[in-house]
Ligand SMILES: Cc1cc2nc3c(=O)[nH]c(=O)nc-3n(C[C@H](O)[C@H](O)[C@H](O)COP(=O)(O)OP(=O)(O)OC[C@H]3O[C@@H](n4cnc5c(N)ncnc54)[C@H](O)[C@@H]3O)c2cc1C
Ligand code: SF4
Ligand code: SF4
Ligand code: FES
């Protein structure tokens, strides 16, 4: 195989500038001050924010000609399926691997600013700690309580329409865009505050996903107790920012409404001592 | 000795293989320490698109069977795989699908609510189960959820953002722990364990750009190999026929696109002699090209399998078409056409990949044929492992403690890092299966190894752990203080370019020799690198530089294996030895690290082929032998 394709399958657009300026909000670690650094990065065909960060890692020299440390960031799949690379690109939270420079330029952008997510503690530069999110999945009991891994035959049959609904909910990649954009979701530096603070749309949607599964529904009462507690579904202010930024287009507001209703019914049933 | 309270197992890697093993072992009552560079839910397995194979009732009633699945996999792998493990895996496959179904994986459904099936490469039966075109994501989520459940029960401790550095081996030669580094605090620490499972995936990044995730450097396997574990079949690397090139990676367009009816073609004109030649206007809009000027070369050359010939064959055919100058725009691309299938069908069955193409290329595959080219995809080779065959060779003995154990006892290799199952070429949708099979079937073997152990890791002297910690701290210090002029990123990139040019679709002795000299140059330059980041906090620069060193060691294994294997088989095609040579090379390539020369010693050992005898592998090709048409060595390398 030759080293590079002769023609690149990117649409051939108008002549673009040879380099693009990146302004990056940096921070050396927890408790350290934030600072800005700028880099001019040559734009390859098909370049995205990640390939530009890779270029900066190999050539960590600012526009002032100062040699600096390579920028730290998080990524994995580079095709918007692992959820790792979330950051704020020109102020908007999104996956950076699908942030194609070509598209940013076409939208009239002349500089790219990169900032870490705003609701999670910064580990370093653009790399944040989303442990709280995974912890909330544990609190939500977001799993199907199977009997074990031994051979017990097939799972329940399912209508294609039900599968389609569960599939969409199940594509949530724990990227946290919906949390970062939510006015009700608060940054918590202290893990002790985690269970007092709003869990956010993604976790609510996972509760819906597992409540909808015939075996998963066994834990529905516990999940709804969790949703009815402090930081649960009633903390949602219905601002709908979440659904606008979800890269997987998960119907988050539908999930919030569904779980809101389920919690009300759950409360009434609890009041009358009926089990779900 | 029964499993005692303080016995533990370490699993390194939280992809499908690592998570399946974790769940199985935790369930049997032994606590697991699970290490992963990335949060396990973000492991590379999320990228898998197409599906997972297993015999099923519909296929069975049309004449398919577990035995047929086994035979296809052996034939697809050009007979290089040990047969008993493949036999066991094929027979286990249906219950693995059932289990995943019980875990809640949203498999696509038929109108009656049964699991839907699709066609995949190397088979004439629909036997691939799928969840949209993001099957890997859905499977790993199911296993991640079960792992989280065991974590909540206190049976699993996760060490995410930790990197495995080196195995710890006791004086009796048994692995009893690891040394790892926290990639945030940069602390280097030893962990004791009564067994260690490597489930660290493949090594696509050795080739620079590939379809793999950014952590797939193969460094973990390379470290075990440098610590004395044998490495097998390194030269067998799968190049997937259909990827889209990008600046940072090659993005896969799953085989399911062809399984669902996608057709591969190039614009061409058919001469009076019936031969296809260059189209006078190769850059014209594909939608304007009339049917009689479309050369469906796979369908013409392989009337039986058509577009779903196995990957090694499809890749070589696409490569040759481009070398003959028939590529789209006269370049290195062919069309993968889905436009005839209809938007509704595509979105229902293939949405995941359709979106990738829309996002990264900016065109809609429902309207315009996709432009694709082969890309490095899967590591068939891996850590050498053993197993206990049943006396009649039909499968493996369940629970045998040596199930997929490395040449270092107590160290196991599961999933893509294991060299078993796929021989010289993996069939599509068999990888997810082999990962989960390893975890579940061989996980039981690990439990028995732990329960039968005569010594416990908890009683080993602290000195053996401290020794390895010192070794690794010294390496970290050396890297952190390196101030040479060579840039590790440039070395990594040059390595990838050279490996792609010399050791992928088409290889030859002289070209591999040339790559060996380039590798020697890169290793010499690597000794003079400089690391820009002196920080002792979340230093990715250092971790990258360290992995580059391990990738150089792995490249040596791949190139030397390729040189010594003077034949063509599966993904390994040599222009100077274009035929398969069973007499000399129906053998596993074994690489052992030689500390003195800092390179691999290659030997060959027999393969267990007692169930199906090797036969010619043509896939019904008309004219000549399958995919073995000699191609000229690419000019620009
Ligand atoms: C784009 C794409 C599509 C695919 N589609 C299919 C398909 O449809 N069907 C199919 O069967 N197969 C498919 N495959 C192949 C399949 O996805 C992989 O073979 C499989 O997922 C590998 O799983 P694994 O568990 O072995 O490793 P991975 O999922 O690669 O996980 C490796 C784990 O090891 C960890 N790790 C690595 N190094 C270290 C270290 N030094 N220290 C600590 N942790 C470490 C990582 O963090 C990760 O958790 C596809 C592959 C690709 C690239
Ligand atoms: S709808 Fe609720 S969860 Fe979504 S952004 Fe608004 S407050 Fe947050
Ligand atoms: S719901 Fe959407 S935005 Fe929120 S974490 Fe999941 S994928 Fe990301
Ligand atoms: S790198 Fe996986 S979502 Fe962007």
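The values are calculated or read from the model by the stated rules, or taken from the named source; none is laboratory data. Just so you know, these numbers come straight off a predicted model, no measurement behind them. Don't worry about glycine lacking a Cβ; one is built from the backbone with ideal geometry, like all the others, and counts go over all protein chains shown.
Residues that are out of contact with any helix residue (DSSP H, G or I) (no Cβ under 7 Å at 6 or more places or on another chain) and either more than 17 Å from residue B:144 (Cα to Cα) or within 16 Å of ligand 4 (Cβ to nearest atom) (or both) do occur in the stretch A:197-205. Return the residues of the stretch B:509-542 that are surrounded by fewer than 19 Cβ atoms within 10 Å (Cβ to Cβ), part of a helix (DSSP H, G or I) and touching a strand residue (DSSP E or B) at 6+ places or on another chain (Cβ under 8 Å); say none if nothing qualifies. B:509, B:525, listed by residue number.
Within the stretch A:50-58, is there a residue that is more than 30 Å from residue B:483 (Cβ to Cβ) and crowded, with 22+ Cβ neighbours inside 10 Å?
We begin by selecting, within the stretch A:50-58, every residue more than 30 Å from residue B:483 (Cβ to Cβ); these are none.
No, there is no match, as no residue in the stretch A:50-58 is more than 30 Å from residue B:483 (Cβ to Cβ) and crowded, with 22+ Cβ neighbours inside 10 Å.
Can you tell me which of (1) near ligand 2 (Cβ under 10 Å from one of its atoms); (2) touching a helix residue (DSSP H, G or I) at 6+ places or on another chain (Cβ under 6 Å) is the one residue A:177 doesn't meet? Single failed check for residue A:177: (1).
Out of the stretch B:218-246, which residues are over 19 Å from residue B:354 (Cα atoms) and more than 17 Å from the chain's Cα centre (by Cα)? Break it down into steps so the answer makes sense when it comes.
So in the stretch B:218-246, the residues over 19 Å from residue B:354 (Cα atoms) come out as B:218-239.
Scanning the stretch B:218-246 gives B:223, B:224, B:225, B:226, B:227, B:228, B:229, B:230.
Between a residue in the stretch B:482-499 that is more than 8 Å from chain A (Cβ to nearest Cβ) and closer than 13 Å to residue B:205 by Cβ and any residue that is in a helix (DSSP H, G or I) and at pLDDT below 95, which pairs come within a Cβ distance under 7 Å, given they are 6 or more apart or on different chains? Listed by first residue and then by second, the contacts come to nothing, as the list is empty.
Hand me the list of helices (runs of 4 or more DSSP H) wholly inside the stretch B:36-146 holding 2 or more residues that are crowded, with 24+ Cβ neighbours inside 10 Å and more than 16 Å from ligand 3 (Cβ to nearest atom). Don't jump to the end; show me each part of the working.
On the way: elements: B:57-60, B:66-76, B:83-102.
Here the list reads B:66-76, B:83-102.
Quick check on residue B:356: is it within 16 Å of ligand 3 (Cβ to nearest atom), under 15 Å from residue B:252 (Cα atoms) and touching a strand residue (DSSP E or B) at 6+ places or on another chain (Cβ under 8 Å)?
yes
I'm trying to understand the selection: among the residues of the stretch B:449-466, which are part of a helix (DSSP H, G or I) and more than 27 Å from residue B:535 (Cβ to Cβ)? Within the stretch B:449-466, B:449, B:450, B:451, B:452, B:457, B:458, B:459, B:462, B:463, B:464 meet the criteria. Of the strands (runs of 3 or more DSSP E) lying entirely inside the stretch A:56-127, the ones with 3 or more residues being within 16 Å of ligand 3 (Cβ to nearest atom) are found at A:86-89, A:92-95. Return the residue satisfying two criteria in turn: it lies in the stretch B:185-202 and is surrounded by 21 or more Cβ atoms within 10 Å (Cβ to Cβ) and assigned to a loop (DSSP other than H, G, I, E, B), and of such residues it is nearest to ligand 3 (Cβ to nearest atom). Only one residue fits best here, namely B:201. Residue pairs whose Cβ atoms lie under 8 Å apart, sitting 6 or more positions apart in sequence or on different chains, and linking a residue in the stretch B:346-363 that is facing another protein chain (nearest Cβ under 8 Å) and at positive phi to a partner that is surrounded by fewer than 16 Cβ atoms within 10 Å (Cβ to Cβ) and assigned to a helix (DSSP H, G or I), are B:362/A:103. In the condition set (1) assigned to a helix (DSSP H, G or I); (2) under 30 Å from residue A:129 (Cβ atoms); (3) within 14 Å of chain A (Cβ to nearest Cβ), residue B:18 is compliant with all but (3). Within the stretch A:230-276, being assigned to a loop (DSSP other than H, G, I, E, B), more than 16 Å from ligand 2 (Cβ to nearest atom) and surrounded by 14 or more Cβ atoms within 10 Å (Cβ to Cβ) holds for one residue alone: A:276. Mind checking which residues of the stretch A:190-206 are away from chain B (no Cβ under 13 Å), touching a residue at least 60 places away in the same chain (Cβ under 8 Å) and crowded, with 23+ Cβ neighbours inside 10 Å? Within the stretch A:190-206, A:199, A:200 meet the criteria.
Condition check for residue B:154 on (1) facing chain A (nearest Cβ under 8 Å); (2) at positive phi: one failure, at (1). List pairs: first residue in the stretch A:234-249 and within 14 Å of chain B (Cβ to nearest Cβ), second residue within 16 Å of ligand 4 (Cβ to nearest atom) and part of a loop (DSSP other than H, G, I, E, B) anywhere in the structure, Cβ distance under 7 angstrom, at least six positions apart or on different chains. Between residues of the stretch A:234-249 that are within 14 Å of chain B (Cβ to nearest Cβ) and residues that are within 16 Å of ligand 4 (Cβ to nearest atom) and part of a loop (DSSP other than H, G, I, E, B), the close pairs are A:247/A:80; A:247/A:175; A:248/A:171; A:248/A:172; A:248/A:173. Under the condition of being more than 9 Å from chain B (Cβ to nearest Cβ) and either closer than 26 Å to residue B:45 by Cα or touching a strand residue (DSSP E or B) at 6+ places or on another chain (Cβ under 6 Å) (or both), the residues counted in the stretch A:56-70 number 4.
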